[in-house]
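Everything on this sheet refers to the single structure shown next.
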Amino acid sequence: MKKNITVVLFLGLSILLFASEADNGLKQFAREKVINQIHNVQSPYINGSYIVFTADKSARFVGIAFDYENFRIIHPFSRLPIYEASDDPVDSVLFYINEFPKELDRISYRLVIDGLWTTDPTNSQKIYDPKTNTQLSVINITNKAPDITEKKPSGTVSFVYYGPKGQQIRLAGSFNNWDSYMYYMKEVSPGKYQLDLPLPSGVHYYNFYNGINVLIDKNNPDRGYTRDGKVVSKIMVE
């Protein structure tokens, strides 16, 4: 009996570790995709859920500090070599990519270039901050990616479904023994349904429901399978 329990625990732990590594791999792939699209110095821009900042290669050090961190943390830029067709480096650009908090519509920031605080020379958008008596560079986040099912900083998981307005969308999963009439989602805006639940750490499987119809979370690419082979959505809570 102890041996069987040990095997089950080991397999469960292996699945959790594999899911965590897969999620980290997807994030790393997304970052590398954004970095590979940087080719020159330009004003900051949004790429998916990231803001991309660039700076001239001549600086020995460039760092960036954000208002939502009270300018307490200086994040260093990295140097990205630019290659020609022969794979020889011909130029370089300094860059920093930041996965911005989704609840923000605007971010203010300052740069540190070779030890001196300054605004971003590539960004013409600036504001005056009376608290610090300084100029701040600003980027407005106007084309944010839509909200998706994810874990929030508060510790809850926010489930999000998009569909026709005026529906009664329900949620069920492995966390409530697949009771599809326990949780009704709220239509927070036309066609957008949301429900926040506190879930323990681990892998959770779920689906949305509209009447008798089972709905996969199309904005979440992670999938799992039930014992009878049905496809379900999956989320990892760390």
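Each value in this text was obtained by applying a stated rule to the coordinates, not by laboratory testing. This one's a predicted model, so the numbers in the text were calculated from it and none came from an experiment. No Cβ is skipped: glycine too gets one built from the backbone with ideal geometry, and neighbour counts run over all protein chains shown.
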Legend entry - Dipole magnitude (debye, nearest 20) for the stretch 37-140, charges at Cβ of Lys, Arg, Asp, Glu: 400
Legend entry - At 1.306 mPa s and 10 °C, Stokes diffusion of the stretch 142-205 via Kirkwood alpha-carbon radius, µm² per second: 125
Legend entry - Label-point separation in nm, Gln167 to Arg72, each point 7 Å along Cα→Cβ: 4.3
Inset, instruction - From the C-alpha gyration tensor of the stretch 92-238, pull out the three semi-axes of the equivalent ellipsoid (sqrt of 5λ each), sorted largest to smallest, in whole Å. - result: 41, 17, 14
Inset, instruction - Average the reciprocal distances over every distinct pair of alpha-carbons in the stretch 37-140, invert the result, and give the Kirkwood radius in Å. - result: 14.4
Inset, instruction - Filter the chymotrypsin sites (Phe, Trp or Tyr not before Pro) in the stretch 148-212 down to the DSSP loop ones having no more than 12 other Cβ atoms within 10 Å, then list what survives. - result: Tyr181
Inset, instruction - For the pairs Lys152/Lys230; Lys152/Lys218; Lys131/Lys151; Lys33/Lys218, note any where the Cα-Cα span goes beyond 30 Å. - result: Lys131/Lys151
Legend entry - the stretch 37-140: relative contact order in percent, alpha carbon pairs under 8 Å with at least 6 residues between: 27
